[in-house]
Every structure is written in structure tokens, then in C-alpha cells.
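Data block below; observations after.
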Amino acid sequence: MRKKITIAIDGFSSTGKSTVAKELAKELEYIYVDSGAMYRAVTFYAMKNGFISTDFFDLDSLTQNLNSINLSFKLNTNTGNADMYLNNINIENEIRTLEVSSFVSTVAASSSVRKKLVSIQKEIGKNKGVVMDGRDIGTVVFKDAELKIFMNASANTRAERRFKELIDKGQNVIFDDILKNVVDRDYMDTTREDSPLVKANDAIEIDNSNLNRKEQFDIILKLIEEKIN
Ligand code: DC
């Protein structure tokens with residue numbers, strides 16, 4: 001059997017981390033974990049329970065209710081991907097809206113939330129054979145990951161990608177709103193006190209502004225093979 005390793009893929013929002021992470025996990029028969037989906041799920045829970053809205057965030061109530069949040073991933077046989085479930089309800093579509101995106105960085109800056117999610121993520125990855133994408137995977141969750149990738153692309157390129165994705169899903173969105181959300185989240189994710197988004201010293205940076213999906217996949221797969229063999 002081939003040696004199983006841990007692959008951490010961090011980077012700014014909409015850099016295509018999850019697309020390449022999913023493809024790699026399929027190729028290697030590894031578990032794929034979208035850690036951003038978990039922060040989105042907690043954000044969705046906070047919105048539904050009235051703990052967060054524009055100009056209002058009741059972190060104490062959210063923290064007190066964290067034990068009532070049960071997160072799981074289940075395979076969607078139609079898409080072949082794992083969908084996010086909150087207390088056994090599929091919320092995969094609900095967590096991808098611009099509204100959730102606009103609150104998620106505030107929720108993700110909370111240490112109580114991070115503590116809970118990091119502990120679940122460590123548990124999922126404890127036997128290796130995992131590709132996890134996020135913001136703090138190589139710096140906090142799996143500090144000893146054999147391969148750490150840090151993905152980047154210009155804010156405009158990222159906003160264009162996210163815009164197309166949401167339009168393709170039938171959402172009614174304006175490009176400038178998406179660009180503003182990308183820039184705002186970059187700022188909040190890199191400046192928060194707890195686990196800010198930074199490139200780990202031992203991460204390999206890939207700017208994919210001018211790379212297509214296949215080129216990016218091949219570059220990372222080659223790096224993985226070097227680690228496994
Ligand atoms: O990957 P994404 O855009 O779906 O992530 C949503 C937000 O969650 C992102 O703006 C920051 C936060 N996040 C985080 O703080 N730590 C992670 N490991 C993953 C996501």
C-alpha cells in the first residue's frame with residue numbers, strides 16, 4: 001500500500017482551493033474536507049437563530065449554543081461530492097449564498113468557534129490520507145502536514161470566478177458586490193487575531209491567475225508524488 005500523507009491547501013477566498021483539493025482527493029482516494037464549509041455552516045446556524053445580522057453579532061449566545069451544532073459531511077451520489085449537513089439537514093446550497101459569505105469572516109474570527117471546528121478537523125485527519133482546504137490548515141490544524149500549498153490569485157480574477165459560479169447556480173448577484181466581498185474577506189481573514197491567514201513557512205505558494213485547472217492539478221500532483229515516493 002502507498003504511504004498516506006496529509007495535504008494542507010490554504011489560501012485566499014475563491015482561489016480554486018476546493019476544486020483542486022477535490023480532484024486530488026479523488027485521484028489519490030483520500031478524504032477531502034472543505035473546512036470553509038464548516039465555518040459557513042456555523043454562520044448559517046447563527047443567522048437562523050438570530051445571533052448575527054448586519055451590525056449585530058451575539059457571540060456569547062453562539063458560543064453557549066455550540067454544543068447544539070452537529071456537523072457532518074455526506075456523499076451526494078448525484079454530484080460525487082460531500083455535502084455539508086447541519087444537525088442532519090443538508091445545507092450545501094444554503095451556505096453558498098452571498099449573505100452567508102458576508103457574515104462568515106466575522107463568525108470565523110471567534111476563538112470559541114475555531115476551537116470547536118479545529119478539533120473536529122484534527123479528528124477527521126488523524127489517520128492521514130486527507131486533503132483539507134482552508135485558511136489555517138498548514139499553520140494550525142495540521143502543522144506537520146507533509147505537503148502544504150498556499151494558493152493565490154488576484155482579487156479581480158477570484159471575484160470573476162466566484163461571480164460566474166453564483167450566476168451558473170442561478171443566483172442574482174452583482175459583480176461589484178462579489179469583488180467587495182472578496183476584498184473584505186481577505187482583509188478580515190488576514191488581520192484577525194486568532195489564526196489569521198498567513199502562508200506557513202514551509203508552504204509552497206502557487207499563483208494560479210494564469211493557470212488552468214489541469215495545469216494546477218498537475219503541478220500539485222507532482223509535488224505529492226515527490227512526497228509519497
Ligand atoms: O473557503 P471559504 O471561502 O468557503 O471559507 C469561508 C470563510 O471561512 C473564509 O472567509 C474564512 C473562514 N475560514 C477560516 O477562517 N478557516 C478555515 N480553515 C476555512 C475557512
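The values are calculated or read from the model by the stated rules, or taken from the named source; none is laboratory data. Since the model is a prediction, treat every value here as computed from it, not as a measurement. Note that we place each Cβ from the backbone using ideal geometry, even for glycine, and neighbour counts take in every protein chain shown.
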**Prompt:** What is the residue count in the range 197-207 for residues that are in contact (Cβ under 8 Å) with a residue 60 or more places away in the chain and closer than 11 Å to GLY11 by Cα?
**Reply:** 4
**Message:** Residue under question is ILE206, and the condition is that it be modelled with pLDDT of 95 or more, of a type in the set (A, V, I, L, M) and surrounded by fewer than 16 Cβ atoms within 10 Å (Cβ to Cβ); does it hold?
**Reply:** no
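This table checks each residue for (1) in contact with an Asp or Glu (Cβ under 6 Å, 6 or more places away or on another chain); (2) away from the ligand (no atom under 13 Å from the Cβ); (3) in a strand (DSSP E or B); (4) among the small types (Gly, Ala, Ser).
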position: LYS3; (1), (2), (3), (4): no, yes, no, no
position: VAL20; (1), (2), (3), (4): no, no, no, no
position: LEU24; (1), (2), (3), (4): no, yes, no, no
position: VAL33; (1), (2), (3), (4): no, no, yes, no
position: ALA37; (1), (2), (3), (4): no, no, no, yes
position: THR43; (1), (2), (3), (4): no, no, no, no
**Fill in**
Residue count, the range 62-119, condition outside any strand (DSSP E or B), farther than 22 Å from SER195 by Cβ and among the aliphatic types (A, V, I, L, M), comes to 2
**Prompt:** Taking the range 166-190, which residues are without any contact (Cβ under 8 Å) to a residue 12 or more places away in the chain and either within 13 Å of the ligand (Cβ to nearest atom) or within 13 Å of SER101 (Cα to Cα) (or both)?
**Reply:** LYS180, TYR187, THR190
**Asked** Which one is surrounded by the fewest Cβ atoms within 10 Å (Cβ to Cβ), of the residues in the range 132-144 that are within 13 Å of the ligand (Cβ to nearest atom) and either under 19 Å from GLY16 (Cβ atoms) or of a type outside the set (A, V, I, L, M, F, W, C) (or both)?
**Response** THR139
